[in-house]
Every structure is written in C-alpha cells, then in structure tokens.
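Read through the structure below, which is laid out as structure tokens, and then see the notes.
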Amino acid sequence: MLRRSLAISLVFAAALVAAAPAAATRYVVGSPGSGDPFFPLAGNGGYNVRHYSLDVEYEPDSDLLTGKTVLVARATENLRRFNLDLREFLTVSSVRVNGRRASYSQHSGQELSIDPRPKLKRGRLFVVSVEYSGTAEPVVDPDGSIEGWVPTEDGAFVVNEPQGSPGWYAVNDTPRDKATYDIEVTVPAGRVAISNGILLSRRERGGKTTWHWVERYPMAPYLATATNGVFETRFRRLESGLPEYNAVDPTTRVNAESPSNPALAWERLEPQPEIVDFFSDLYGRYPFESVGGIVDWAPNVGYSLESQTKANYWRIVGPSTVVHEIAHQWFGNAVTLAYWPDIWLNEGFATWSEWIYDERHGGPTAQETFDELYAIPEDSEEGQDLWFPAPAALPGPEALFHTPVYDRGAMTLQALRQKVGDAVFFELLRDWYRKNRYRNVTTADFIALAERESGQQLDAFFDAWLYQPGRPESW
Ligand SMILES: [Zn+2]
C-alpha cells in the first residue's frame, strides 16, 4: 500500500517535471574580484581552478616573456563572462575556452575578461587557454616593494606575495583558489629554471632548455615560482625519501659590499633536512613531496619568500631565515590565510617557529625572546614600530609586512602558550595544522579552536594581542 502510493506519486511528479516549460537559464558576469579588502581586483568570481599548466619562455637579454596558461576550472555560476588576472604589460594574442576561440579584453591594469561561446553552465568543468607575451617587469606593491617576474643579471627572481602572479601567468589570483600545477620554463641552454614540486624532465632543443616541474599538492597562486638564471644545482633524495632540490647563484653574496660566496650559500642550505624533521615532529608530517632552496642574487628585491617547496632567497641570508621559510611550508603554504589582512597567521607562526627552533637548539628560549621584545617601551622609536598597528587590525596593504605582523604575531602565540600551558598549546598547533592542511583559514578560526581546546574564554586575550594598538598591559 505504502509502496504503491509512493510509486503513483513518483509517476505523477515525473509527469509534472516533463510538462514544465524549460526555464530560461540566466547567465551572469563573474565578479572581477574575490572580495579581498586589500586587493579588490585580485582573484575573480564564478569558478574554481583545479589545475594550471604553465608554459613560459624567457629571453633574459631582451626580457621578452612569452607564455601560455592552460587551466581547468569548474564553473560555480552560469557564466556569460568571467575574468582572469593578467597584468596589462603582457599582451594577450589568443584565448580559447573548451577549444573554441573566445573574445576577450584586457582592462583595469590586471583584468582579462573572457566571453566564452557557448556560455558556461554551473557545475561544469571547462578548459581555458591564454597565449600572451610582453617585456617582463616587476609588479610594484603598495609598500613600494617589487615582485612577480623580476629580471636579474642572468635570469629572473620569481616571487609573488601578495600579487605578483598575474605578472607572469593568467590566474585566479586569490589564495582561496588553490590548484595543482605543471610548470614548464624555457630558458637559454645551460641556464637553470627551478619551480615548485618535483622535476619531471629537462629537454635541450634549438639552443634552449625546458625545465618541466609538477606540483601535485594544492598551491595558492602566490606560492608559484620559476626563478631562473645561472645556478649551481644539487638535487638528491634525503634519507626520509623526500627529494631535495637546491640551487645557488655563483655570484650570490651577503650584501653588495661583500664578495660572491657560493660556498657560504651552500652552508646555509645544509640544515634543511634537519629543519624539516624538527618541524615534522613538532607540527605533523611535512605537507609536500619535495623541499629545497634557491639562493639568488637579487639586490633590488630585498626579501626572501617561502614559495611552495622551494624557498627563494634574494641573497645569502642568516640561518634563522632558512628556518622561517621552511616553517612556512606548514603555516602559510599548507595552512593558508583566506584574506590578506590575516597575514599574521602566516608570519606570526613562521616567526614563532624560529623562536621554538632556537629554544630546542641551545639558543634563547621563546619566552626569553618574548621578554626581550616586551621590554621595548611603547614610546620609543623601536616600540612605535613593534606595537603599532595591531597585527590583525592593519590599516591597509602597505602594512602587510610591517614588524607587528611578525614579532607581535609571534608574541601572541608565545603569550597564548603561557596562558594555556605547553600541553594544550602544542596540541593546538598540531590540530590547527591537521584540520586545515591544504585549506584556508581566518583569525576567527584560530580563536575558535584555541578556545575549544583550552576550554578558556579568550576574547579579551586575543583582543589585547591582535586587535588593540599599543603594548598589551594585561591579558
Ligand atoms: Zn615569512
């Protein structure tokens, strides 16, 4: 009885569906941004990228960059138009969607608008191919620093945090759209190109060398690299089985006044396997399938970056910078901020990682480092730099890499360690990593987890450390 009536109503329902007139699908224009408060045009709406295949050729003598980006994405809306990010100094010559030519326009400095024919249905996978070329030039940030494809004496230093990626490939440039990558870089024969993940092949043809790398773990666009030039390389498999790829520019140095010293650069990279083991024990297993470092000489860049699996060093850095960039593989690269104003989630964690590394290697304890910083008065010049602005209340993108994001961010973690005790604190860091690996996070997520695991109400604590300007006096 029950079954029969169900069968009847199903037939009836099916008849209704068949009889309904086909509703006209509404197609929309995907958003030109992805809602980041600091970079409103970075990233786009209407789709998620699953995989990028980048094919980039570079002529260092003329700075000519010729590229093709092929990406596979899934539409999250019915789209009659969608955007990619690509800087205007790279001129697009062809766009295809699912193999068919599509009309397009470049505008607003970094937007490439594409009209696919036929239009794209929500939920469907589609393939976009973009060909472009131009003279490579760096992207300049609100704080005046440069990034993207930065020409050097013999190649290019390629780093993208926070918005350099569209300076060398067509991309959905939001950290929330992680994807896997194939990256092929063609350079003059004899030059080296290092990218993310593992090296698949190296081909020589017509006086050029093509390096093909593949990153099979999810990667935020800003963590891609393709640094190239004259390099000494050492590729090997570590005892743990992890491939390690290192590259040192023979002209690299500590600063402009010191002589080239590749031997010192190699010495700096030597502890990498031990650092990987140390943080694997502390935070959980290493998140990726290769590791390495690129020591270039890029004096106009002035900072190093934790590019996924291959940190980029702009010069011969001190040992703590190598510790910092490797710690970022856990915090920053595997567990990634969702929005740029939450940058302390990357930098505070990497800086505190330096402190705990020192503590466990015969150096000052993290608490001693905290105490030394805490002693800096608010009204001193150094104190103005350390205590303002609060790390999770940055006034704008020009403050992204200011001192509080690093030092006050790390102090927040050390103060939390004091407050909840070592057992809860170290379990919290492991859980933060385990739950959020390959995903994106916000400050609110961290506060919620800290409260849950400690059983404490921590609003006032985090308010004092993360949101209020000036030195916290009680917490
Ligand atoms: Zn960092």
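Values quoted throughout were computed directly from the atomic coordinates according to the rules given, and no laboratory measurement underlies them. Since this is a predicted model, take the numbers as computed values, not measurements. Positions of Cβ are backbone-derived with ideal geometry, glycine not excepted, and every protein chain shown enters the neighbour counts.
Descriptive notes on the structure:
- Under 15 Å from the Arg74 label point (7 Å along Cα→beta-carbon), backbone N, the stretch 89-125: 121-125
- Trypsin sites (Lys or Arg not before Pro) within the stretch 249-305, DSSP loop, no more than 15 other Cβ atoms inside 10 Å: Arg285
- Sequence-distant contacts, meaning Cα pairs under 8 Å at least 6 residues apart, place the relative contact order of the stretch 340-467 at 32 percent.
- Ranked for footprinting exposure by Cβ neighbours inside 10 Å, fewest first, Trp432, Trp352, Trp475 give Trp475, Trp432, Trp352.
- As a calculated quantity, the FRET efficiency between Glu88 and Ser320 at R0 = 60 Å, using C-beta atoms, amounts to about 0.95.
- Sequence of Ser353, Ser454, Ser94, Ser474 once ranked by neighbouring C-beta atoms within 10 Å, starting from the fewest: Ser474, Ser94, Ser454, Ser353
- Once the Cβ-Cβ distance of Val28 and Ser380 is raised to the sixth power relative to R0 = 51 Å, the FRET efficiency obtained is 0.40.
- Separation of the Arg216 and Glu372 label points, Cα + 7 Å toward Cβ, nm: 4.3
- Annotation: extensible slack from Lys121 through Glu153 equals 6.8 nm (criterion: 0.36 nm per residue apart, minus Cα-Cα distance).
- Between Ser280 and Ser108, the modelled labels are 4.4 nm apart [label points 7 Å from Cα along Cα→Cβ].
- Sorted by Cβ density within 10 Å, fewest first, the residues Thr180, Thr135: Thr135, Thr180
- Antiparallel beta bridges, as assigned by DSSP with both residues in the chain, represent about 80 percent of the total such bridges.
- In a DSSP loop and with at most 16 other Cβ atoms within 10 Å, the trypsin sites (Lys or Arg not before Pro) in the stretch 73-122 are Lys119, Lys121, Arg122.
- Mean residue ellipticity at 222 nm, helices only, the chain: -8000 deg cm²/dmol; runs of at least 4 DSSP H residues each add -39,500 (n - 2.57), and the sum is divided by the number of residues.
- The chain: relative contact order as a whole-number percent, Cα under 8 Å and 6+ apart: 11
- Stretched out straight at 0.36 nm per residue, the stretch from Ala263 to Thr251 would grow longer than its current Cα-Cα span by 3.3 nm.
- Whole-Å distance, taken between Cα centres, linking the stretch 292-323 and the stretch 136-151: 16
- With loop membership from DSSP and a limit of 10 other Cβ atoms within 10 Å, the longest segment of the chain without GluC sites (Glu not before Pro) is 1-238.
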